[in-house]
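Since the structure comes first, as structure tokens, the remarks are kept for the end.
Just so you know, all these numbers are worked out from the coordinates, no wet-lab data involved. In this text the structure is predicted, and so the values were computed from the model without any measurement. Here the Cβ is made from the backbone with ideal geometry for all residues, glycine too, and neighbour counts use every protein chain on show.
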Protein chains: 2
Amino acid sequence: MVKKRGENTSKKIFEFAEGIVEQIKEEKKPKMKIPVRSLSNVEWSEDKGVLTLGNKKSNRYFFNVGHARKFMQTLLIASFCKDIVDENIHASIRDMYYNLKHSIGDSKENTFEEQSESDPLIVDIETALNLLREQLHLLADRKGVVVGNVKVRDRGDVIDWSKLGSGGWSIPSVVEDIEFVDVDADFALVIEKNAGFERLHEDKFWRDYNCILMGTGGQPARGTRRLIRRLAEEHKIPIYVLTDSDSYGWYIYSVIKSGSMALAHASDKLATPSAKFIGLTITDIMEYKLEKSIIRANDRDIKRAKEMLDYPWFQEKEWRRELKLMIDKRIKAEIEALSSRGLKFLTDTYLPEKLDKKEFLP
Amino acid sequence: MVKKRGENTSKKIFEFAEGIVEQIKEEKKPKMKIPVRSLSNVEWSEDKGVLTLGNKKSNRYFFNVGHARKFMQTLLIASFCKDIVDENIHASIRDMYYNLKHSIGDSKENTFEEQSESDPLIVDIETALNLLREQLHLLADRKGVVVGNVKVRDRGDVIDWSKLGSGGWSIPSVVEDIEFVDVDADFALVIEKNAGFERLHEDKFWRDYNCILMGTGGQPARGTRRLIRRLAEEHKIPIYVLTDSDSYGWYIYSVIKSGSMALAHASDKLATPSAKFIGLTITDIMEYKLEKSIIRANDRDIKRAKEMLDYPWFQEKEWRRELKLMIDKRIKAEIEALSSRGLKFLTDTYLPEKLDKKEFLP
């Protein structure tokens with residue numbers, strides 16, 4: 001399966017390059033078509049419940065002084081990716097940058113000066129060839145940890161997520177080739193904060209509630225988002241997300257559920273439209289008597305909340321209510337605020353009540 | 001063993017509080033003795049090869065308007081820690097802050113206003129009672145990942161670090177109670193960058209060289225530092241550290257080896273004086289022809305390097321040479337720079353040569 005996927009990627013890159021060779025043979029000016037990735041081409045798909053990339057494309061010409069450098073760089077990166085895919089190894093995007101940086105011929109011109117030149121071109125190739133970064137064998141940063149009654153097979157090892165002591169399985173940056181051997185869970189709880197993960201892990205919450213417990217450590221890495229999607233899609237696991245009660249926490253939830261603007265082209269692989277929000281809300285602050293632990297929202301928080309009121313994917317009345325409450329009261333709260341009611345309040349009261357009443361936001 | 005350690009901590013806190021009750025009964029002004037933690041009281045122990053805290057102490061009085069609030073807060077924290085130790089649960093320092101924050105009696109005065117008030121008092125208690133944060137059951141952030149031919153027992157599970165696929169074991173924030181069941185490794189390679197960890201993990205470096213591979217993701221968390229120390233101390237595993245070639249990378253090495261100024265009181269548990277530095281050095285840049293991949297050092301880098309020239313624990317001639325080279329040439333390089341010589345250059349050439357020649361810095 002791994003082999004086959006690699007062959008497909010390799011073939012796509014080869015055909016992309018072949019197309020350019022054809023143009024040269026036909027004595028045409030070489031060009032490549034790259035999907036536009038600016039906000040003007042990001043669309044909200046009501047249907048799929050995710051952000052997607054529209055159909056606008058732009059041409060990149062070799063015989064255009066404004067395009068030539070990027071044209072050359074795009075081909076260098078495509079060639080690099082084909083090599084590592086064929087060799088079946090992976091590289092970080094920084095490794096790639098260093099590997100490709102060299103002076104051109106006898107000139108003093110370098111192929112790349114900064115990694116900021118190569119990074120966006122990777123996404124160009126992803127979108128132009130409809131391939132994910134993971135399929136190009138490029139690594140994103142590793143972040144995220146998981147425990148639960150699940151066994152997976154990865155590089156020949158069977159890993160039991162329920163037998164990892166006080167640690168957990170560090171989620172790799174590419175989870176594409178992981179095979180689920182056994183998934184026994186009623187739902188997955190995805191929690192933004194490491195401290196909350198530790199609390200629930202120590203309290204054996206995942207054992208008592210037969211769930212998968214996943215800590216993202218802030219905005220989840222691509223590997224973590226892909227793993228959530230695969231659990232939801234392939235094993236019909238309901239996904240519940242727990243974040244701080246503020247615009248930033250809620251945005252993390254929306255990225256898990258609907259994808260992000262920057263990665264709109266990858267929503268079909270990374271977003272999980274079935275995900276639901278378990279907390280925290282501004283309403284929770286009153287409901288659970290957390291007033292002592294609120295934090296005053298700053299201008300940045302409020303600005304973010306106002307922007308989100310305009311997003312098509314935050315139009316459900318429950319979300320509009322929460323965003324408006326936050327803006328009107330100028331307050332926010334962290335998951336840890338629940339500790340003011342007792343260290344185990346999250347484990348013993350808050351989550352059980354939410355789960356029991358099925359009190360989720362869409 | 002866990003039980004016994006908890007009892008000792010609990011007893012120490014109880015005696016600390018009892019001492020204050022005694023003072024009150026004797027109608028003395030209640031005071032507590034707290035070790036001074038400013039730089040003036042941090043000492044370099046040539047002997048042990050670590051930073052340690054000196055003997056200076058200051059008194060904190062209850063009947064002193066400048067001390068009273070801190071006096072009260074210190075006792076609140078001590079009491080909180082005794083409770084969680086007795087209950088055998090852990091808490092993050094943020095959870096603790098929220099849990100302890102409340103208004104005092106009918107006043108509008110809060111016990112704590114910001115976490116920045118409670119954090120330093122935790123260290124006061126650590127130093128006053130000669131206990132580590134981990135023994136107080138307070139959690140630091142979880143960071144760091146490990147693989148290798150090692151089996152550990154943790155909360156009843158046996159975890160085999162060699163059977164974790166492309167992931168690894170996410171190192172918990174408290175590794176005190178972890179039992180080493182089987183340690184089969186010739187050395188441990190500690191690497192600052194996640195990308196380098198992934199590279200070596202994919203290339204099966206740890207299998208080919210029978211070593212433990214540990215990724216710290218920047219400055220290592222306390223749990224990771226403690227794990228390194230335990231491997232070196234209890235299993236005589238040689239520790240080799242790989243960082244970027246610049247003052248910040250080298251400082252990470254020195255924290256692993258000699259401890260940090262902020263945690264000088266904990267060096268006996270967290271520092272590993274036997275650790276050696278495998279790379280990268282400025283000399284490596286010339287040696288391995290990485291000139292194309294150097295980065296110009298900025299003023300901050302140079303300032304840091306100059307400060308380090310003054311540290312007693314950077315006085316070996318090899319280190320003075322590297323620091324001076326960096327300052328004179330105003331250059332630095334990242335681990336990833338080795339990728340300019342080929343993606344597997346780190347795995348197949350750089351590390352094998354260093355290990356073969358035993359080319360380490362002290």
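Quick rundown of the values:
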{"read-out": "Peptide A:155-164, shielding by other chains (average Cβ, 10 Å cutoff)", "value": "5"}
{"read-out": "Inter-part distance where the range A:148-171 and the range B:29-54 are each reduced to a Cα centre, Å", "value": "42"}
{"read-out": "C-alpha center-to-center spacing [the range B:213-239, the range A:259-280] in angstrom", "value": "36"}
{"read-out": "Alpha carbon Rg of chain A, scaled by the compact-globule rule 2.2 N^0.38 Å", "value": "1.11"}
{"read-out": "Cα-based shape type of the protein assembly as shown, given that a ≥ b ≥ c are square roots of the gyration tensor eigenvalues and the cut on a/c is 1.5", "value": "oblate"}
{"read-out": "Under the span-like rule (Cα at least 24 Å along the axis, Kyte-Doolittle mean at least -1.0), DSSP H helices of chain A", "value": "A:2-25, A:68-87"}
{"read-out": "Pseudo-label separations to other copies for residue B:153 - Cα-to-Cβ vector, 7 Å, nm", "value": "3.1"}
{"read-out": "Given chain B, longest segment not containing exposed loop GluC sites (Glu not before Pro) (DSSP; at most 12 other Cβ within 10 Å)", "value": "B:115-315"}
{"read-out": "Pairs beyond 29 Å (Cα-Cα), from B:56/B:82; A:101/B:143; B:57/B:269; B:33/B:236; A:31/B:289", "value": "A:101/B:143; B:33/B:236; A:31/B:289"}
{"read-out": "Shape call, the range A:2-139: gyration tensor on alpha carbons, a/c limit 1.5", "value": "rounded"}
{"read-out": "Candidates A:208, A:301, A:348, ranked by Gaussian network fluctuation over chain A, Cα under 10 Å, top entry", "value": "A:208"}
{"read-out": "Backbone N under 11 Å from the residue A:330 label point (7 Å along Cα→Cβ), restricted to the range A:255-299", "value": "A:296-299"}
{"read-out": "Fraction of beta bridges assigned by DSSP in chain B that are antiparallel (%, nearest 5)", "value": "65"}
{"read-out": "Value of [θ]222 nm, deg cm²/dmol, for chain A, DSSP H segments ≥ 4, -39500 (n - 2.57) each, nearest 500", "value": "-12500 deg cm²/dmol"}
{"read-out": "At 7 Å out from Cα toward Cβ: residue B:72 inter-copy label distances (nm, ascending)", "value": "7.0"}
{"read-out": "Cβ-derived FRET efficiency at R0 30 Å, residue A:116 paired with residue B:299, nearest 0.05", "value": "0.90"}
{"read-out": "Nearest residue to the symmetry axis between A and B, taken on chain A by its Cβ, in whole Å", "value": "A:170, 2"}
{"read-out": "For the range A:145-357: rounded, prolate or oblate by the Cα gyration tensor [a/c cutoff 1.5]", "value": "oblate"}
{"read-out": "Using a 7 Å Cα-to-Cβ projection, residue A:321 label spacings across copies, nm, ascending", "value": "7.1"}
{"read-out": "Measure of compaction for the range A:188-262 (Cα Rg per 2.2 N^0.38 Å)", "value": "1.07"}
